[in-house]
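**Q** Structure in structure tokens, see below.
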Amino acid sequence: MTPFLPFFSLTPFFSRTVNNFQIPFVVAGCGGHSPLSKMRATYRTPYKIDNTLTLESYDDTDYGYLRVVANAQTLRVEFHPQSDGGATKTPDDDVTITLATHTLS
């Protein structure tokens with residue numbers, strides 16, 4: 001079983017643990033419309049929603065894009081906000097999935 005990465009809107013990153021598998025949910029769609037929708041509240045992350053689901057991080061102020069880097073061992077998803085400018089190459093947020101163990105780092 002491989003990790004599942006659904007993409008929606010805003011830029012939150014959730015993780016869920018099911019049967020000892022860590023599953024990342026990256027919610028991304030932070031470009032192309034204005035204004036950006038705000039979260040209903042301000043959350044200190046990581047924010048535990050229930051015993052299997054955690055909001056790890058979010059950005060509800062910046063437009064941006066995702067960069068996905070894959071190889072035989074890992075899948076890495078990076079969020080790059082537009083506000084960092086064209087010269088910045090360091091992502092503001094990222095998640096790496098180790099494919100053999102289904103764990104996040």
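We did not get these values from a lab; they are worked out from the coordinates using the rules stated. Remember, it's a predicted structure, so these values are computed and weren't measured experimentally. Here the Cβ is made from the backbone with ideal geometry for all residues, glycine too, and neighbour counts use every protein chain on show.
**Q** Where does each of 80-89, 54-63 land if you order them by average Cβ count within 10 Å, highest first? Before the final figure, lay out the partial values.
**A** Values: 80-89: 11.2, 54-63: 16.7.
The densest-packed peptide leads the list: 54-63, 80-89.
**Q** Cα convex hull of segment 13-104: mean projected area in nm², to one decimal? Intermediate results must be reported in sequence, preceding the final value.
**A** On the way: hull surface 27.8 nm².
One quarter of the hull surface, i.e. the mean projection, equals 7.0 nm².
**Q** Relative contact order (percent) for segment 13-104, with alpha-carbon contacts under 8 angstrom and 6 or more residues of separation? Let's see the in-between values first.
**A** Numbers: 152 pairs, mean separation 23.7, N = 92.
Once divided by the residue count of segment 13-104, the mean separation gives 26 percent.
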